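Shown next, in structure tokens, is the structure this report addresses.
The values are calculated or read from the model by the stated rules, or taken from the named source; none is laboratory data. None of these values were measured; they are calculated from a predicted model. So basically every Cβ, Gly included, is an ideal-geometry build from the backbone, and we count neighbours across all protein chains shown.
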Amino acid sequence: MLTVKAYAATSATEPLAPTTIERRDVGATDVLIAIRYSGICHSDIHTVRGEWSSVTYPQVVGHEIVGEVAEIGSDVTEFAVGDRVGVGCMVNSCRECENCKAGMEQYCLKGNIGTYAARDRDGTITQGGYSTHVVVDKDFVLRVPESIPYEAAAPLLCAGITTYSPLAHWNAGPGKRVAVVGMGGLGHMAVKIASAMGADVTVLSQTLSKKDDGLAFGAKDYYASSDPQTLKTLRNSFDLVINTVSAALDFDDYVKLLRLDGVWVNVGAPPEPVAMRVFSLFANRRSFAGSSIGGIKETQDMLDFCAEHGIAPETELISADKINEAYERVLASDVRYRFVIDTATL
């Protein structure tokens, strides 16, 4: 076992604190990664505060991980020591079900193994990227292209793929009108990626405070959702809406943004149930959908797409002792647009 430094939650109510954790020995198909940067995702906060499900403490979160290969197992030929690599939201799956065989491990019918707060193959609880090292099966390690700024690459492993996957699946591109609800960590990536795909992008955010950013990231239009006229003005306008916010909305009104055969996709995950009348979908043959992250191949495709188009998240680099402060700022929407932890400070 390898003892490494980390920052962990000890309960749902206590601040995260420095600690050490054990990583398994490197097996034949494993890769040991020296973590350089780890992004902070809203999911981290939901998890450590027990808002989605019960949690076994202490818990180290973080599923936006980039670093260098420090050691490889005897059967690993795909990676070499020193390679720039990343790890996203999952570290294993059954590999045998129809979804896994189709390259959609995120939808593993037996449940994929999350990078943190999941039961690992050895029976232990997985611990995430707020640490100095992680051991991961080679099939769940990704290559980080050299052209992507290293310190900004981490959020692509969650925020990037979470928005890229539905945009790719529902064919965002030339001739498609796409709306992005929310201009936070997920939303700003959705704008950049959809724009690079060639779609006509509109942002709906609470206020116009980030309008200049949204337009600079590629949006054609930007509206304040707090303005009661916005939903009326934009009714029947969009082929695809990507909802990135983790709060309940009046979906009966919002789905009216969709034109014929339009699709509403939720990637934000509010902790409480949401309600909508089915009649809201009947007009225009609308669809209401959800989307998780992406499979390993699709995630690599996303990284390569971002490298090709010069796309990187907007980030604020912090030291580990600022994690708890960063959590409060995320909850207050006081970040543009993703915090990244420098793990050298652990």
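The residues of the range 216-229 that are surrounded by fewer than 16 Cβ atoms within 10 Å (Cβ to Cβ) and not aliphatic (A, V, I, L, M), listed by number, are Lys220, Ser226, Asp227, Pro228, Gln229. Here Leu186, Leu240, Leu231 are screened, and the one residue that is in a strand (DSSP E or B), in the same structural domain as Pro273 (by TED's automatic domain parsing) and not hydroxyl-bearing (Ser, Thr, Tyr) is Leu240.
Here Pro228 meets each of (1) touching a helix residue (DSSP H, G or I) at 6+ places or on another chain (Cβ under 7 Å); (2) over 24 Å from Arg336 (Cα atoms) with one exception, condition (1). Would you say Val4 is out of contact with any Leu (no Cβ under 7 Å at 6 or more places or on another chain), of a type outside the set (Phe, Trp, Tyr) and within 22 Å of Asp321 (Cα to Cα)? When the stated conditions are applied, Val4 passes them.
Give, as residue ranges, the helices (runs of 4 or more DSSP H) completely inside the range 273-346 that count at least 3 residues that are surrounded by fewer than 18 Cβ atoms within 10 Å (Cβ to Cβ) and in contact (Cβ under 8 Å) with a residue 24 or more places away in the chain.
Details: elements: 279-282, 296-309, 323-331.
Filter on the range 273-346 gives 296-309.
Here Trp170 passes the criteria (1) out of contact with any Gly (no Cβ under 9 Å at 6 or more places or on another chain); (2) more than 19 Å from Thr244 (Cβ to Cβ); (3) not small (Gly, Ala, Ser) except the one numbered (2).
Being under 29 Å from Ile323 (Cβ atoms), in contact with a helix residue (DSSP H, G or I) (Cβ under 7 Å, 6 or more places away or on another chain) and in contact (Cβ under 8 Å) with a residue 60 or more places away in the chain, is that true of even one residue in the range 197-208? Checking the range 197-208: not a single residue is under 29 Å from Ile323 (Cβ atoms), in contact with a helix residue (DSSP H, G or I) (Cβ under 7 Å, 6 or more places away or on another chain) and in contact (Cβ under 8 Å) with a residue 60 or more places away in the chain. Please work out which residue is nearest to Leu346 (Cα to Cα), limiting yourself to the range 115-136 and to residues that are surrounded by 20 or more Cβ atoms within 10 Å (Cβ to Cβ) and among the small types (Gly, Ala, Ser). Applying the filter and picking the extreme gives Ser131. Just one residue in the set Asp83, Asp122 is within 18 Å of Val26 (Cα to Cα) and modelled with pLDDT under 95; that residue is Asp122.
Residue by residue, here is whether (1) small (Gly, Ala, Ser); (2) under 30 Å from Arg235 (Cβ atoms) holds:
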{"site": "Asp253", "(1), (2)": "no, yes"}
{"site": "Leu260", "(1), (2)": "no, yes"}
{"site": "Pro270", "(1), (2)": "no, yes"}
{"site": "Arg286", "(1), (2)": "no, yes"}
{"site": "Gln300", "(1), (2)": "no, no"}
{"site": "Gly310", "(1), (2)": "yes, no"}
{"site": "Tyr327", "(1), (2)": "no, no"}
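Scanning the range 8-27 for any residue that is buried (at least 20 other Cβ atoms within 10 Å of the Cβ), within 24 Å of Ile296 (Cβ to Cβ) and among the β-branched types (Val, Ile, Thr) turns up nothing.
The single residue among Glu151, Glu146 that is acidic (Asp, Glu) and in a helix (DSSP H, G or I) turns out to be Glu151. Quick one: is Lys297 under 20 Å from the mean Cα position of the chain (by Cα) and not aromatic (Phe, Trp, Tyr)? In short, yes.
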